[in-house]
Amino acid sequence: MEPTELIWMSGRFVPWAEANVHVLTHGLHYGTGVFDSLRTYATDAGPALVHHRAHHERLRDSARLYGMELPFSVDELTAATRELVGGSGLRESYVRTIAFRGSGAMGVSPRGSPVEVAIATWGWGAYLGDEAATRGIRAKVSSWRRIGHQTHLPGAKATAHYLNSVLARSEAEELGFDEAILLDDDGLLAEGSGENLFLVKDDLLITPPLASGALGGITRAAVLELAAALEIPLAERPVTRGELYLADELFMTGTAAEITPVREVDLRPIGAGLRGPVTERIQSAYDAAVHGRDPRFAHWLDVVPVATGSPA
Ligand SMILES: Cc1ncc(COP(=O)(O)O)c(C=O)c1O
């Protein structure tokens, strides 16, 4: 991670190295935090924050699900992010917003620990490796199940949920795979450790419903919008493990992962074991949209003017 100059912390900009919290922070001990991430892409008019408002709205909703009222409105977070990105001088970057219970009281009860919010930005390349977008990755169905609706609120992007993701991703990596695929308690497909999943079978695009415990991905929603524009038939329905193995194509979506083909699952090649044509079409449509080259998706972008003197 290459540091940038400033991080926004609960209403003020502080130098990167000074954006610290107390060791008795409630969120550190009990997982009382939620976060969200977005990417900015270079466009002719300047860096564009993709689905900017939707990410802060999801942060607000994640917080609400766990009984946290954010001390900043979506408008205030949006303005702070624009200022941070504009001042960073970066043409393309990743933006991480986190809200957590700070220090104040110890004990499981969150009462007495005020909610703090921070926003940071830095340059971040391909999440699943440079070749992943063209060659595809190798995934493993995890021995871990995706957290469920009986014990958590999987629709929230909560810090504590990521212990589940960490278990799955670590297992996959230790066994030599790039990424994990998690099933739900019924053995149906949920998602990756940090991505939603789509498969293609007989020209039909299929993605599991959010009832599976998958996060309501903003890239997932964008792909649904792209599929409609590209007239690719789509079904949102439960998917079995066997269907994964017999898919013609498989890909993952996420802010960090963008659109990444999966070429192999559990050592079985998916389709021809290469990036498939539908995946490639969606990838290139997504790439055009986020770089401001497709006016049909201009509403995805919030373009920020770059600071004077920084590279345009
Ligand atoms: C568990 C999980 N699922 C799915 C996603 C994809 O969501 P999005 O496209 O909004 O980044 C993410 C990343 O945010 C994630 O962490």
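What follows draws every value from the coordinates through simple rules; no lab data is involved. Since this is a predicted model, take the numbers as computed values, not measurements. Positions of Cβ are backbone-derived with ideal geometry, glycine not excepted, and every protein chain shown enters the neighbour counts.
Using DSSP to call loops (not H, G, I, E or B), can you name the trypsin sites (Lys or Arg not before Pro) in the range 213-312 whose Cβ has at most 16 other Cβ atoms within 10 angstrom? Can you show the working numbers first?
Values: sites: Arg220, Arg241, Arg263, Arg275, Arg281, Arg293, Arg296; in loops: Arg275, Arg293.
Sparse-neighbourhood loop trypsin sites (Lys or Arg not before Pro): Arg293.
Helix-only mean residue ellipticity at 222 nm, the chain, DSSP H runs n ≥ 4 weighted -39,500 (n - 2.57), per residue, nearest 500. What is it?
Dividing the helical sum by the residues of the chain leaves -8000 deg cm²/dmol.
Compute a Gaussian network model of the chain, connecting alpha carbons closer than 10 Å, and tell me which residue from Gly112, Gly102, Gly148 fluctuates the most.
Gly112
When Thr255, Thr240 are ordered from fewest to most other Cβ atoms inside 10 Å of their Cβ, what list results?
Final ranking by Cβ density, sparse to dense: Thr240, Thr255.
Roughly speaking, what is the centre-to-centre gap between the range 162-176 and the range 63-108 when only Cα atoms are used, to the nearest Å?
27
Shape verdict for the chain, please, from the Cα gyration tensor: rounded (a/c under 1.5), prolate (a/b greater than b/c) or oblate.
Working: a/c = 1.91, a/b = 1.25, b/c = 1.52.
Note, shape of the chain comes out oblate.
For the range 6-122, just say rounded, prolate or oblate: build the C-alpha gyration tensor, square-root its eigenvalues into a ≥ b ≥ c, call rounded for a/c under 1.5, and beyond that prolate if a/b exceeds b/c, oblate if not.
Prolate is the answer for the range 6-122, as a/c is 1.5 or above and a/b outweighs b/c.
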